[in-house]
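The values are calculated or read from the model by the stated rules, or taken from the named source; none is laboratory data. Model, not experiment: these values are computed from the prediction. Please note: Cβ atoms are built from the backbone with ideal geometry, for glycine as well, and neighbour counts cover all protein chains shown. What goes into the accessible areas is simple: the full protein's heavy atoms, side chains included, and nothing from ligands, DNA or RNA. Shrake-Rupley method; radii C 1.70, N 1.55, O 1.52, S 1.80 Å.
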Amino acid sequence: MHYTLRNKLPSTALFTTVDAVLNWGRLSSLWYLLFGTACCAIELMQTGGPRADLDRFGAVFRSSPRQSDLLIVAGTVTYKMASRIKRLYEQMADPKYVISMGSCSNCGGLFDLGYSVLRGIDKVIPVDVYVPGCPPRPEALTQGLLVLQEKIRKQRYLAREA
Amino acid sequence: MASTKTSAPVAFSDLLSALKGRFGDVVLAHRSDFGDDTVVVQRERWLDILQFLKDAPSLAFNYLVDLTCVDYFGQEPRFEMVVHLLAFESGKRLRVKARIPEEDATIASLAPLWRSANWLEREVYDMFGIRFVGHPDLRRILMYDEFEGYPLRKDYPLKKSQPRVPLLSPEREEEEGI
């Protein structure tokens, strides 16, 4: 839609659907919350670093849930931390998305039998994409982001449900 | 800077005879495996004995290094308190133990003697459910208040799930204006 038209047309009008524009804008600027609970956070940092470079997909970290569109739950979630993650999720503005990163936040993972560990973040907040791995490599998390982008691309806001 | 009060380390046999002279037969067992002097004492005289070990000038165990508990599930008495003491002046270390039965899981608190016992006893209460009589503030310290059971007991179920509570109670949210 975009690159072929760059700086080549005089002032003119483009025709598209509102849904397509909104979705394109949202999936291209997924700002994620700078937040990690365990070792998956190390891989999350790598994914944001220069080699995996999540920035090229428009995903940059923000330090405040108020400015974030995406919550990447990176690491083991304890019962005590679960209520805090729920608070962070509730502080984010709509539309908001959640990636569950790694076995621990998917289902408890290695710490399934731990007395303090919540067995899956989806018991507390809704999850859009589950990324398997312990921890997932940066490539895996990048793939998770791309899957989420495809999911957002198919969202419909204004169209009446069939 | 050298200390002015130096005292020779007390031999373990002297310590045992001092305890026997002061309290009678409170030492149920003692051993010195690998240089670690250990005494097992009666639970009923726990506070008196530790007070004596701290205050007697020849002993002066003025530092409580560690306080923990062991669950010998299936044995009777079931629990065992373990306290590690250090005397700064002499450099002497001592391990003191006492067995606690399951049906009456209480023992005297050492928080009045050593302030370091305060949080350590709260942790033992949190993990093993031992009640410390005379503790100034016996609450859970690692788990949250609504947590059910005592997770380091050997009969704690592996797959037990715990209640999920809001970050703040409705009353606290009211107070903080959230």
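Data for the structure
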item: Single match in B:ARG115, B:ARG153, B:ARG140 (criterion: closer than 20 Å to A:ARG84 by Cβ, in a loop (DSSP other than H, G, I, E, B) and either out of contact with any Lys or Arg (no Cβ under 8 Å at 6 or more places or on another chain) or within 12 Å of chain A (Cβ to nearest Cβ) (or both)); result: B:ARG140
item: Subset of the range A:37-57 (residues that are open to solvent by 40 Å² or more (accessible area, probe 1.4 Å) and free of Cβ contacts under 8 Å to residues at least 60 places away in the same chain); result: A:MET45, A:PRO50, A:ASP53, A:ASP55, A:ARG56
item: The lone exception for A:ALA140 - which of (1) among the small types (Gly, Ala, Ser); (2) assigned to a helix (DSSP H, G or I); (3) modelled with pLDDT under 90 it fails; result: (3)
item: Residue ranges of strands (runs of 3 or more DSSP E) in the range B:1-110 with at least 3 members in contact with an Asp or Glu (Cβ under 7 Å, 6 or more places away or on another chain) and surrounded by fewer than 15 Cβ atoms within 10 Å (Cβ to Cβ); result: none
item: The listed residue being small (Gly, Ala, Ser), closer than 20 Å to A:ARG84 by Cα and touching a Phe, Trp or Tyr at 6+ places or on another chain (Cβ under 7 Å), out of A:SER105, A:SER116; result: A:SER116
item: Boolean, A:GLY108 is over 20 Å from A:LEU34 (Cβ atoms) and open to solvent by less than 30 Å² (accessible area, probe 1.4 Å); result: yes
